[in-house]
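Visitor: So that we are looking at the same thing, I have put the structure below in structure tokens.
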């Protein structure tokens, strides 16, 4: 656009009112300034936009063509300003959150409930996937924030811790009893039993693999499961020894439905929290981050 926006605004107001003096009053500028701006615009476009008469001015055929486009442009600008006012008045915006099914169920839902109650006009989109994919999508800017175990390698992310989690091995009492009846009391349950872990594409799996390697724990029969929810359910039905997050099976442990399979070395706790890129924080994101930090 070669012309100054103010010239188009003056043209727009004169065309709407059909009168230079009225447009001057509405714009709080003098009539000579109006006439000069219109003249400059006509000269630069090399066309006549208005025909003058005793009652005021009237758009020429060329002026009508220009006015139709300018009217649409200013309507869009007005709509944009109105949308911004709505964002401010109603705390509107859009946040895209990445989170695994399990973390969503056991941690994220509580945050979402409180946030939506307080800010009902902010749109929230949940992208449910593994933590590995969440971190990848954060890097690609496909999501705004992710609930994940604290990443150790991605230094470009800010991290707000919300809770600690403890990985443990569990099984049903009947599974362990049958295993010892069949293999003997002194048998290594990890070598003779069915050990269930998340699949290798999962951050938790890599963490547990490192733990098992360091502590020389070998699993001869290994079942890989895609989600923590399934892993917990498989452990509950007595399919094997599952490595699960203690906080997600507390009720099962209290009731005796599941029991912890002890190891010589405890698995170190991990911290779960919200990861995000600090240089990509929208107003809606800032509102969410403030909400999280106050919890």
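Visitor: Can you tell which of 284, 219, 235 is in contact (Cβ under 8 Å) with a residue 24 or more places away in the chain, under 21 Å from residue 110 (Cα atoms) and either outside the structural domain of residue 115 (by TED's automatic domain parsing) or buried (at least 17 other Cβ atoms within 10 Å of the Cβ) (or both)?
Guide: Values: 219 fails: under 21 Å from residue 110 (Cα atoms); 235 fails: under 21 Å from residue 110 (Cα atoms).
Answer to the check: 284.
Visitor: Looking at this structure, is residue 226 touching a strand residue (DSSP E or B) at 6+ places or on another chain (Cβ under 6 Å) and modelled with pLDDT under 95?
Guide: no
Visitor: Related question: So for segment 178-186 (the condition being modelled with pLDDT of 90 or more, within 22 Å of residue 252 (Cβ to Cβ) and out of contact with any strand residue (DSSP E or B) (no Cβ under 9 Å at 6 or more places or on another chain)), does at least one residue qualify?
Guide: yes
Visitor: Still on this model: Among the listed residues 151, 120, identify the single one that is in a loop (DSSP other than H, G, I, E, B) and under 20 Å from residue 199 (Cα atoms).
Guide: 151
Visitor: Moving to a separate point now. Considering only segment 191-210, state which residues are buried (at least 17 other Cβ atoms within 10 Å of the Cβ) and either within 39 Å of the chain's Cα centre (by Cα) or in the same structural domain as residue 289 (by TED's automatic domain parsing) (or both). I'd like the intermediate steps shown before the answer.
Guide: Going through segment 191-210, the residues buried (at least 17 other Cβ atoms within 10 Å of the Cβ) turn out to be 193-198, 202-205, 207-208.
194, 195, 196, 197, 198, 202, 203, 204, 205, 207, 208 - these are the residues of segment 191-210 that are buried (at least 17 other Cβ atoms within 10 Å of the Cβ) and either within 39 Å of the chain's Cα centre (by Cα) or in the same structural domain as residue 289 (by TED's automatic domain parsing) (or both).
Visitor: Given (1) part of a helix (DSSP H, G or I); (2) free of Cβ contacts under 8 Å to residues at least 24 places away in the same chain; (3) farther than 30 Å from residue 8 by Cβ, where does residue 76 come up short, assuming only one miss?
Guide: (3)
Visitor: Oh, and also: Tell me, please, whether a residue that is buried (at least 17 other Cβ atoms within 10 Å of the Cβ), in the same structural domain as residue 281 (by TED's automatic domain parsing) and not in a strand (DSSP E or B) can be found in segment 165-173.
Guide: No, that holds for no residue.
Visitor: When you check residue 45 against the structure, is it out of contact with any helix residue (DSSP H, G or I) (no Cβ under 7 Å at 6 or more places or on another chain), surrounded by fewer than 14 Cβ atoms within 10 Å (Cβ to Cβ), more than 30 Å from residue 202 (Cβ to Cβ) and outside the structural domain of residue 149 (by TED's automatic domain parsing), yes or no?
Guide: Numbers: out of contact with any helix residue (DSSP H, G or I) (no Cβ under 7 Å at 6 or more places or on another chain): yes; surrounded by fewer than 14 Cβ atoms within 10 Å (Cβ to Cβ): no; more than 30 Å from residue 202 (Cβ to Cβ): yes; outside the structural domain of residue 149 (by TED's automatic domain parsing): yes.
So residue 45 does not fit the description; no.
Visitor: Outside the structural domain of residue 135 (by TED's automatic domain parsing), free of Cβ contacts under 8 Å to residues at least 12 places away in the same chain and either assigned to a loop (DSSP other than H, G, I, E, B) or out of contact with any strand residue (DSSP E or B) (no Cβ under 8 Å at 6 or more places or on another chain) (or both): does that describe residue 254?
Guide: For residue 254, the condition - outside the structural domain of residue 135 (by TED's automatic domain parsing), free of Cβ contacts under 8 Å to residues at least 12 places away in the same chain and either assigned to a loop (DSSP other than H, G, I, E, B) or out of contact with any strand residue (DSSP E or B) (no Cβ under 8 Å at 6 or more places or on another chain) (or both) - is met.
Visitor: Being in contact (Cβ under 8 Å) with a residue 12 or more places away in the chain and either touching a helix residue (DSSP H, G or I) at 6+ places or on another chain (Cβ under 9 Å) or assigned to a loop (DSSP other than H, G, I, E, B) (or both) is the filter here; which residues of segment 135-148 pass it?
Guide: 135, 141, 142, 143, 144, 145, 146, 147, 148
The values are calculated or read from the model by the stated rules, or taken from the named source; none is laboratory data. Everything numeric here is computed off the predicted structure, so don't read it as measured data. Neighbour counts run over all protein chains shown; Cβ positions are idealised from the backbone, glycine included.
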